[in-house]
Amino acid sequence: MKVIIINGSPRKGWNTDLMLKEAEKGAIEAGAETEYVNLYDLQFSGCKSCFACKVRDGKSLGHCAINDGLKPILDKIDAADALIMGSPIYFGDITAECRAFFERLMFQYLNYEGQRFNDGKLKVGVIYTMNAPEGYMDYLYKNYERLFGMFFNYVGHVAATETLQTNNYDLYYLGKKSEQYKLERREKQFPIDLKNAFDLGKKIVTE
Ligand SMILES: Cc1cc2nc3c(=O)[nH]c(=O)nc-3n(C[C@H](O)[C@H](O)[C@H](O)COP(=O)(O)O)c2cc1C
C-alpha cells in the first residue's frame, strides 16, 4: 500500500504540516509506505486546458501532459493506492497551490463522454486547518467530498479549527485579543486534532 501525502501549506512545521505528519505516522503504523510532498517546493502551474489528456487515441490520454515539477507527483499518485491532501483555508478555500494541484489531478481523469480515465480505486483523505471555528467550512468539505468522489474512493476529512497562527502575537496585527484563547486551544484541542489526523492516516490504509 503506497500513500502519497501532499502538503498544500507554505509553512513547514506549522499546523497543516504537523497534521499531515501525524496522518503519515498513522498510515505507516497501519503498514503503508509513504511519500511526503511539499507543494511549495515544486515549480508548477494549474491546468492549462490544453486537452492533451483527452485527445482520441492520444499518447497522453488520461494523463496530464504538462511536463513541470508536478508531473512526477501526478504519475506517482496514478500508481499509488491512497492520497492525503492537506491545506490551510485561504479566503474560504484551499490554497492557490493546492487548488492548482487539484485541477491538474482531477482534469486528466475527466471524460466528458461518460467513463472517467481512471479506475476510481485511489483512496482520498483531506486535512484542513483554519482560523475559523468549527462548522464554518462545512460547505467546503462537502464540495471537495463531491468532487473527489467523481474519480476516487473518498474516505473522509479532518479539520483543525481556530489554529494558532504565530508563536508571538505581539509582533503582528493578528488579533492580539485572541492570543490567550489560541494558546489554550493549541494546548487542549490541537492534540485531539492531531490524533484525528493520525486516525485518518490509519483508516485510509485499513478501510
Ligand atoms: C492568505 C491567508 C488567508 C487566510 N484565509 C482564511 C480564511 O478564509 N478562513 C480561515 O478560517 N482562516 C484563514 N486563514 C488562516 C489559516 O487558514 C490558518 O491559520 C491555517 O491553520 C494556517 O495553516 P498553516 O499553519 O499550515 O500555515 C488565512 C491565512 C492566510 C495566510
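Where a number appears in this text, it was derived from the coordinates with a stated rule and is not lab data. Quick caveat, the model's predicted, so the values are computed rather than measured. Counting neighbours? That spans all protein chains shown, and the Cβs are built from the backbone with ideal geometry, glycine included.
Computed over the Cα atoms, what is the radius of gyration of the range 6-54 divided by 2.2 N^0.38 Å, N being its residue count? Please list the in-between numbers first.
Details: Rg = 14.5 Å, N = 49, 2.2 N^0.38 = 9.7 Å.
The range 6-54 yields a ratio of 1.50.
If the convex hull of the alpha-carbon atoms of the range 91-186 is projected onto planes in all directions, what is the mean projected area in square nanometres?
Numbers: hull surface 30.0 nm².
Directional mean of the projected Cα hull area for the range 91-186 stands at 7.5 nm².
Along the positive direction of the dipole of the range 2-206 (beta-carbon charges: Lys, Arg +1; Asp, Glu -1; about the Cα centre), which of Tyr90, Leu164, Thr34 reaches farthest? The one lying farthest along the dipole's positive direction is Tyr90. With a simple spin-label model that places each label point 7 Å from the Cα along the Cα-to-Cβ direction, the separation between Ala96 and Arg11 comes to 1.8 nm.
Ordering Tyr173, Gly149, Val126 by Cα displacement along the dipole of the range 96-181 toward the positive end leaves Gly149 in first place; charges were set at the Cβ atoms of Lys, Arg (+1) and Asp, Glu (-1). Computed from label points 7 Å out along Cα-Cβ, the spacing between Ala79 and Ala52 is 1.9 nm.
Around the amide H of Thr129, modelled in the peptide plane, lie the amide H atoms of Ser87, Ile89, Ala160, all under 5 Å away and 5 or more residues distant in sequence or on another chain. If you fit an axis through the alpha-carbon atoms of helix 190-206 and take the longest principal axis of the Cα set of the chain, what angle between them do you get, 0 to 90°, nearest 10? That helix lies at roughly 20 degrees to the long axis. Simple point charges give the picture: +1 on the Cβ of Lys and Arg, -1 on the Cβ of Asp and Glu, and for the chain a dipole about the Cα centre of about 240 debye.
Between 0 and 90 degrees, the angle of helix 179-188 with respect to the longest Cα principal axis of the chain falls at about 70 degrees.
Residues with beta-carbon under 12 Å from that of Ile127, excluding Ile127: net charge, scoring Lys, Arg +1 and Asp, Glu -1? Walk me through the numbers before you get to the answer.
Values: positive: Lys21; negative: Asp17, Glu22, Glu24, Asp193, Asp199.
Combined, the nearby Lys, Arg, Asp and Glu give -4.
Antiparallel beta bridges, as assigned by DSSP with both residues in the chain, represent about 5 percent of the total such bridges.
The relative contact order of the range 2-206, computed from alpha carbon pairs under 8 Å that lie at least 6 residues apart in sequence, is 28 percent. For the range 2-206, the spread of Cα positions along the three principal axes, ordered from largest to smallest, is 60, 36, 29 Å.
Distance between the 7 Å Cα→Cβ label points at Leu147 and Ser45: 1.9 nm. Rounded to the nearest 10 degrees, the angle from helix 96-107 to the longest Cα principal axis of the chain is 30 degrees.
Starting with the fewest neighbours, write out Val55, Val3 ranked by other beta-carbon atoms found within 10 Å of each beta-carbon.
Ranked by crowding around the Cβ, least crowded first: Val55, Val3.
Straight-line cross-link reach from Lys188 at under 20 Å between alpha-carbon atoms covers these lysines, not counting any fewer than eight positions away in the same chain: Lys21, Lys176, Lys177.
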